[in-house]
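Participant: My questions all concern the structure below.
The values are calculated or read from the model by the stated rules, or taken from the named source; none is laboratory data. Note that the coordinates shown come from a computational prediction; the quantities given were computed from them, not determined experimentally. Every residue, glycine among them, receives a Cβ derived from its backbone with ideal geometry; neighbour counts consider all protein chains shown. What goes into the accessible areas is simple: the full protein's heavy atoms, side chains included, and nothing from ligands, DNA or RNA. Shrake-Rupley method; radii C 1.70, N 1.55, O 1.52, S 1.80 Å.
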Amino acid sequence: MADVFQPGLLRGQHAIITGAGSGINQHIAERFAAQGAAVSIVGRNLERAEAAAATIVARGGQARGHSADVRDFDALARAFAQAVADHGPVDICIAGAAGNFVSDAASMSSNGFRTVIDIDLVGTFNTFRAVLPMLNPEESHLLAISAVQSGMPTAAQAHVCAAKAGIDMLVRTLSIEWAGRGIRCNGIAPGPVADTEGMNRLAPGGSASWDRLLQGIPLQRAGRRDEIADLALFLCSGAARYIHGTVIAIDGGQSNLGSLPFGAMLLESASAR
Ligand code: COA
């Protein structure tokens, strides 16, 4: 398919992306680098972050991997400071790091619930708060990777639903507080995306649960990583300059059908463990 975006759309810009050592966020990093951005990849696992950066560099892009756990504010701030030393003030920051597991709430410990809140919600706050003094003061964009669960209560996902709903409200609140600093702030709420660690945990491709999952999606297929990257690129580009403080679903219409097929499937798989 032809690229609908102008080549070099992000030339001269510096994008920091957390959780970009794999999955959707890695794909976004590759897409942004292909459009000319210098990309700082931040992940818990330094080897994975460096490998993701090396792939970009091998294709002629600019990238470097950094290690930090988004639950650790000081580690994030240190990683971001290194990134700024490499590529200058930050034009785009994407909070993509997330954690998930399938468990009904009655079987989940308090620490299990808190772990996902800490990675997803507190991690998103930490990312945006740590990068705040390092943003390009003229204009910048913050993008949170939420999920369809933020507005679609889903069985066996109480921790994720709560965390992602919090992320959506964080995006909306920061859009009010930080607009005066030249910051646009938005979110993306993907539904199931094929070939990602998160999806492999919920419903491995080709399994019976994968087929059940597709029944709950009007478009009858999972999303693709390049489709999520396209939306991220659009939102972080000048073409979206009047889009602010919103979280856009990209889910093949899944949230309109509701979570019953998906949630029932997850409950079954949780109780089978
Ligand atoms: N069911 C129920 N509870 C679970 C669980 C599961 N499948 N997996 C982990 N937990 C609980 C643990 O039991 C622990 O609680 P406890 O101390 O009361 O026993 C708590 O969650 C923390 O687990 P731990 O493994 O110590 O956390 P971690 O920080 O090493 O890992 C996770 C975080 C659990 C989110 C892990 O799945 C992870 O690292 N995920 C990252 C990758 C990922 O999820 N990608 C998909 C993104 S959508």
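Participant: Has region 184-206 got at least one residue that is open to solvent by 60 Å² or more (accessible area, probe 1.4 Å), under 18 Å from A97 (Cα atoms) and free of Cβ contacts under 8 Å to residues at least 24 places away in the same chain?
Facilitator: The answer is yes; a qualifying residue exists.
Participant: Under 23 Å from R184 (Cα atoms), away from the ligand (no atom under 16 Å from the Cβ), touching a Cys at 6+ places or on another chain (Cβ under 7 Å) and part of a helix (DSSP H, G or I): is that true of V84 in this structure?
Facilitator: The answer is no for V84.
Participant: Also: Within region 94-112, can you find the residues that are assigned to a helix (DSSP H, G or I) and either near the ligand (Cβ under 8 Å from one of its atoms) or surrounded by 24 or more Cβ atoms within 10 Å (Cβ to Cβ) (or both)?
Facilitator: Taking region 94-112 first, the residues assigned to a helix (DSSP H, G or I) are 105-107, 110-112.
Answer for region 94-112, where residues must be assigned to a helix (DSSP H, G or I) and either near the ligand (Cβ under 8 Å from one of its atoms) or surrounded by 24 or more Cβ atoms within 10 Å (Cβ to Cβ) (or both): S107, S110, N111, G112.
Participant: Can you report the number of residues in region 27-56 which are open to solvent by 40 Å² or more (accessible area, probe 1.4 Å), in contact (Cβ under 8 Å) with a residue 12 or more places away in the chain and of a type in the set (A, V, I, L, M)?
Facilitator: 3
Participant: Regarding A163, is this residue open to solvent by less than 60 Å² (accessible area, probe 1.4 Å), near the ligand (Cβ under 10 Å from one of its atoms) and touching a residue at least 24 places away in the same chain (Cβ under 8 Å)?
Facilitator: On the way: open to solvent by less than 60 Å² (accessible area, probe 1.4 Å): yes; near the ligand (Cβ under 10 Å from one of its atoms): no; touching a residue at least 24 places away in the same chain (Cβ under 8 Å): yes.
Considered against the rule, which asks whether it is open to solvent by less than 60 Å² (accessible area, probe 1.4 Å), near the ligand (Cβ under 10 Å from one of its atoms) and touching a residue at least 24 places away in the same chain (Cβ under 8 Å), A163 comes out as no.
Participant: While we're on this one: Scan region 213-237 for residues that are among the small types (G, A, S) and modelled with pLDDT of 95 or more and jot them down. Reasoning before the result, please.
Facilitator: Here is the first cut: in region 213-237, the ones among the small types (G, A, S) are 216, 222-223, 229, 232, 237.
Answer for region 213-237, where residues must be among the small types (G, A, S) and modelled with pLDDT of 95 or more: G223, A229, A232, S237.
Participant: Report, by residue number, each residue of region 113-147 that is of a type in the set (G, A, S) and away from the ligand (no atom under 16 Å from the Cβ).
Facilitator: A130, S140 - these are the residues of region 113-147 that are of a type in the set (G, A, S) and away from the ligand (no atom under 16 Å from the Cβ).
Participant: For region 184-273, list the helices (runs of 4 or more DSSP H) that sit wholly inside it and hold at least 1 residues that are under 14 Å from the mean Cα position of the chain (by Cα); which are they?
Facilitator: Where helices (runs of 4 or more DSSP H) fall fully within region 184-273 and carry at least 1 residues being under 14 Å from the mean Cα position of the chain (by Cα), they are 197-202, 225-236.
Here's the yes/no breakdown for (1) open to solvent by 30 Å² or more (accessible area, probe 1.4 Å); (2) more than 22 Å from T173 (Cα to Cα); (3) touching a residue at least 40 places away in the same chain (Cβ under 8 Å):
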| position | (1), (2), (3) |
| --- | --- |
| F234 | yes, no, yes |
| H244 | yes, no, yes |
| G253 | no, yes, no |
| L257 | yes, yes, yes |
| G263 | no, yes, yes |
| S271 | yes, yes, yes |
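Participant: Give region 120-153 a look and list any residue that's of a type in the set (V, I, T) and crowded, with 21+ Cβ neighbours inside 10 Å, or say none.
Facilitator: T124, T127, V131, I145, V148
Participant: Within 10 Å of the ligand (Cβ to nearest atom), assigned to a helix (DSSP H, G or I) and β-branched (V, I, T): is that true of I56 in this structure?
Facilitator: When the stated conditions are applied, I56 does not pass them.
Participant: So which of F32, F5 is over 20 Å from A81 (Cα atoms) and assigned to a helix (DSSP H, G or I)? Steps first, answer last, please.
Facilitator: Values: F5 fails: assigned to a helix (DSSP H, G or I).
Selected residue: F32, the only one of F32, F5 that is over 20 Å from A81 (Cα atoms) and assigned to a helix (DSSP H, G or I).
Participant: Here is a follow-up. Of these, R64, R71, R59, which one is open to solvent by 70 Å² or more (accessible area, probe 1.4 Å) and touching a strand residue (DSSP E or B) at 6+ places or on another chain (Cβ under 9 Å)? Step through it out loud before you land on a result.
Facilitator: Numbers: R71 fails: touching a strand residue (DSSP E or B) at 6+ places or on another chain (Cβ under 9 Å); R59 fails: touching a strand residue (DSSP E or B) at 6+ places or on another chain (Cβ under 9 Å).
After applying the criteria, what remains is R64.
Participant: Please work out if A79 is of a type in the set (A, V, I, L, M), part of a helix (DSSP H, G or I), more than 16 Å from the ligand (Cβ to nearest atom) and surrounded by 16 or more Cβ atoms within 10 Å (Cβ to Cβ).
Facilitator: For A79, the condition - of a type in the set (A, V, I, L, M), part of a helix (DSSP H, G or I), more than 16 Å from the ligand (Cβ to nearest atom) and surrounded by 16 or more Cβ atoms within 10 Å (Cβ to Cβ) - is met.
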